[in-house]
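See structure below.
The values are calculated or read from the model by the stated rules, or taken from the named source; none is laboratory data. If you're wondering where the values come from, they're calculated on a predicted model, not measured in any experiment. Cβ: placed from backbone, ideal geometry, glycine included. Neighbour counts: every protein chain shown.
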Amino acid sequence: MSNQAKGIFYTLITVLMWGVLAIALKVATKQIDSPTIVWFRFSLAFSALFAWMAVKTPKELKILYKPSWLIVLSSLALAWNYMGFMLGIQYTSPSNAQVAIQSGPLLLAVFGIIFFREKISRIQIFGFLIAILGFWIFYRQHIMASAGQEGQYTKGMLITFSGAVAWAIYAAFQKRLVVHYPVASLNVFIFGLPVLLYLPFVNFASLAHLSFGYWALLVFLGANTLISYGCLSLALKYLEAGKVSIIIILNPIITFILMGLLSWMQVDWIAGEHFSVLSITGALIALLGAILVVRKKKKLPENIG
């Protein structure tokens, strides 16, 4: 298998993991509150990474008690990114949150222009404009179909957007940090601080009464982080970051397809979604705009969602 084929293979695994993630999070909210879900995801990811580093590179764990202020801010931003995406799914739907969270890469491009003096091409400007148009069409169509739940839908979309802003901030900080620190060292702290931050909000009583199925779902949600980011790192090893970026942005399409199938099957363990021609068109326009914006980017940040 060629390096390009390997890169595409690992990227597609990441896309699949993130495409399924939103649906799994929505199902989890039926029995588990959002802070508990987010805490468990960070806890499992931190524990696994800490154990691996304790064996392989124990000296790098000193970052846990001697972080820079930029690492702390990066961790805080990612902590809210996870919570914002989680609450967005809770108040709206997996597909809606997936589309809204894609504004993160667009905002990162804006940050790059403002703070890193990156040049912007005409194609990227055009991408910004059609992405905004696509988001507006998508939002308007779902507002019209909300039938009395417009306030909750708008609240969910705004919270998701705040999560996208947080991710863009995190990613901008990462651009500076990865020059001075190994990725594993950064992640062990970035995953670890939210474990402490969300600890006071964890409902351990709800965890004690979960069925085997929901425990399996929680483990999957935690493992999803490790699998997706691990494959993303391998993808970047074998494939150009620009190509990885474009493929990654398409992950909402996986969510759309799966939710469409589940809605058609009328399963009782997740609420179905209504997709109009205009809402799907708006989502595709928004994704196309995002692709045009990021296609010139040279690097893809390590974490999102």
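For the stretch 142-156, does any single residue satisfy the condition of being polar (S, T, N, Q), surrounded by fewer than 19 Cβ atoms within 10 Å (Cβ to Cβ), part of a helix (DSSP H, G or I) and under 15 Å from the mean Cα position of the chain (by Cα)? Checked against the condition, which is being polar (S, T, N, Q), surrounded by fewer than 19 Cβ atoms within 10 Å (Cβ to Cβ), part of a helix (DSSP H, G or I) and under 15 Å from the mean Cα position of the chain (by Cα), the stretch 142-156 yields no hits at all. Checking the stated criteria, W39 turns out not to satisfy the condition of being surrounded by fewer than 20 Cβ atoms within 10 Å (Cβ to Cβ) and either of a type in the set (F, W, Y) or within 18 Å of the chain's Cα centre (by Cα) (or both).
When we screen S162, S185 for residues that are in contact (Cβ under 8 Å) with a residue 24 or more places away in the chain, under 17 Å from L73 (Cβ atoms), surrounded by fewer than 19 Cβ atoms within 10 Å (Cβ to Cβ) and of a type in the set (S, T, Y), the only hit is S162.
Is the stretch 151-161 home to any residue that is modelled with pLDDT of 85 or more and of a type in the set (G, A, S)? Yes, that holds for at least one residue.
Among the residues of the stretch 173-192, those identified as within 14 Å of W69 (Cα to Cα) and either under 18 Å from the mean Cα position of the chain (by Cα) or of a type in the set (V, I, T) (or both) are F173, Q174, L186, I190. In the stretch 87-136, the qualifying residues are those that are exposed (fewer than 15 other Cβ atoms within 10 Å of the Cβ) and of a type in the set (D, E, K, R), and the one that is modelled with the lowest pLDDT is R117.
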